[in-house]
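Structure first, commentary second.
Nothing in this text is a laboratory measurement; each read-out follows from the coordinates by a stated rule. None of the values given here were measured: they were computed from a predicted structure. Here the Cβ is made from the backbone with ideal geometry for all residues, glycine too, and neighbour counts use every protein chain on show.
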Amino acid sequence: MTREMLVSAYRAYIDCLNRQDWNELRRFVHDDVRYNGIEVGLSGYRTMLEGDFRAIPDLRFRIELLIADPPHIASRLRFDCTPIGTLFDLPVNGRRVQFDENVFYEFAGGRIEKVWSIIDKAESAADHRTLGHAGSVMPLSSVIRRTTRPYQPQPWRQMEGAHQQIHHHHATERHARRG
């Protein structure tokens, strides 16, 4: 594919996603597509996208940056949306959020064969709009800061749970002795 053909195919693919024309997806995506190194196949890729649109009914892919070097595309996609529940395992619950995705594609036979994707959470931190005002945009980084705790290794969580059980057991014993 020439650079112009590649760019045209990619823009048509993005249009297909925005229209949610899942029957048309096969025109743009290889049957054995790999997503972040894992073979998901066309059906798995479609299922992933359908799930994205269920979770984010107003989802729209907007190309912010597009670089083509056949057979590769590099794109920065911008999202401004209102997920109905969680987004990236974070409870946004209908609040409007903005985030970006940096994604690279490799085409083979005129269709997307490989996809490498990463969500850019740092860029959303640069959003200068404030939270708490009606109609304001919540940058994804604000959701992360408000909902995440420092990482605790799994053994510590197990110890913490055991500590809580021991504390509860001792409290129950004390209460039984008083009664």
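Summary of the geometry: the stretch 1-18 and the stretch 21-49, compared by the centres of their Cα atoms, lie 15 Å apart. Residue by residue, the stretch 10-26 carries 3J(HN,Hα) couplings of 5, 4, 5, 4, 4, 4, 4, 4, 5, 7, 6, 8, 5, 5, 7, 4, 4 Hz when phi is fed to the Karplus relation 6.51 cos²θ - 1.76 cosθ + 1.60 (θ = phi - 60°); x denotes Gly or Pro. Cβ-to-Cβ counts within 10 Å put Val33, Val7 in ascending order as Val7, Val33, the fewest first.
Seen from Pro57, the other residues with C-beta closer than 15 Å to its C-beta sum to a net charge of +1, counting Lys and Arg as +1 and Asp and Glu as -1. Computed from backbone phi with θ = phi - 60° and the Karplus coefficients 6.51, -1.76 and 1.60, the 3J(HN,Hα) list for the stretch 45-61 is 5, 5, 4, 4, 5, 4, x, 4, 6, 5, 6, 9, x, 9, 4, 9, 7 Hz; x is used for glycine and proline.
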